[in-house]
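The values are calculated or read from the model by the stated rules, or taken from the named source; none is laboratory data. Owing to the predicted nature of the structure, the values given are computational and were not obtained by experimental measurement. With ideal geometry, Cβ positions are generated from the backbone for all residues, glycine too; neighbour counts draw on all protein chains shown. Accessible surface areas use protein heavy atoms only, side chains included; no ligands, DNA or RNA. Shrake-Rupley method; radii C 1.70, N 1.55, O 1.52, S 1.80 Å.
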Amino acid sequence: MKLLLTSTGFTNPRIGDFFVNLLNKPLSEVKVIFIPTASRSKEELYYVEESKNELIQRGIKTSNLSIYNLDKRLSYNAVKDYDVIYVCGGNTFYLTLKIREDGFDKVIKRLVKEDKLYLGVSAGSVLAGPNIDIASPYDPNDVKLKDWTGLGLTDIIVSPHYTDNDKEVVKKFKKEEKYKVIPLTDNQALFISDKEKKIIE
């Protein structure tokens, strides 16, 4: 299992360096399935473009970067040869709904078990945890999602974009949640594998 959970992708170049070092093949051969679905606003879509550019600047070939907008069913066989599942930020509730509707949640879990890298940005990082409750003070649940269960790739809840203004919100969640809550600033990432857990900053 390899999870790289970020607030803003590779804004901090050290996170991008860490990403490159996780890959066990030349960057020109790395295939990425890129999921921008959570991004709906103009601002969110701007950051999606930034995320794509960061991958390309790091050496990922455009031809190896496949965008999947959760608008059709994509089977395990269609993506089993990909090395990275990159899940962008945006509205966490909408993302959770769409990823379930297409059954891609099951595909992601299978890929992660096969040691493919899951790279989350903001909502994508929250989704990786046991639940998405931490998104409730920030994202409108305009899709009226009732089941707030996450992918459960880890039992850690990530609170992205953390600043001092979020101190009380995170403190409250830490008291109420049975799971560990880790706040991440925009310059931090959490790496989780079968062997270790560590903050990159």
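Laid out as a table, the results:
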quantity	calculated
FRET efficiency estimate (nearest 0.05) - Cβ-Cβ, S66 to T149, R0 45 angstrom	0.95
Å² per residue, accessible surface of the chain at 1.4 Å	49
Rh (Kirkwood; distinct C-alpha pairs) - the chain, Å	16.7
Candidate aspartates and glutamates for bridging to K52, where Cα separation is under 18 Å - those fewer than 8 sequence places away on the same chain excluded	D17, E29, E43, E44, D83, D186
Förster-model FRET efficiency, 35 Å R0, D186 and E29, C-beta, rounded to 0.05	0.70
Rotationally averaged projected area of the stretch 143-199 (alpha carbon convex hull; nm²)	5.2
Share of alpha-carbon pairs per 10 Å distance bin for the stretch 98-198, given as whole %	13, 48, 32, 6
Value of D in µm² per second that Stokes-Einstein yields for the stretch 1-101, Kirkwood Rh from Cα pairs, at 4 °C (1.567 mPa s)	91
The chain: relative contact order in percent, alpha carbon pairs under 8 Å with at least 6 residues between	29
Sequence-separation-based contact order of the stretch 117-186, relative, with Cα cut under 8 Å and 6+ spacing, percent	32
Against the rule of thumb 2.2 N^0.38 Å, how large the Cα Rg of the stretch 56-123 comes out	1.11
Candidate lysines for bridging to K144, where Cα separation is under 29 Å - those fewer than 8 sequence places away on the same chain excluded	K42, K72, K98, K106, K109, K167, K171, K172, K174, K175, K178, K180
Most positive-pole-ward Cα, V112, F10, S63, against dipole of the chain from beta carbon charges	V112
Fraction of accessible area attributable to carbon and sulfur, the chain (%, probe 1.4 Å)	47
Convex hull volume of the stretch 91-139 per residue (C-alpha atoms, cubic angstrom)	65
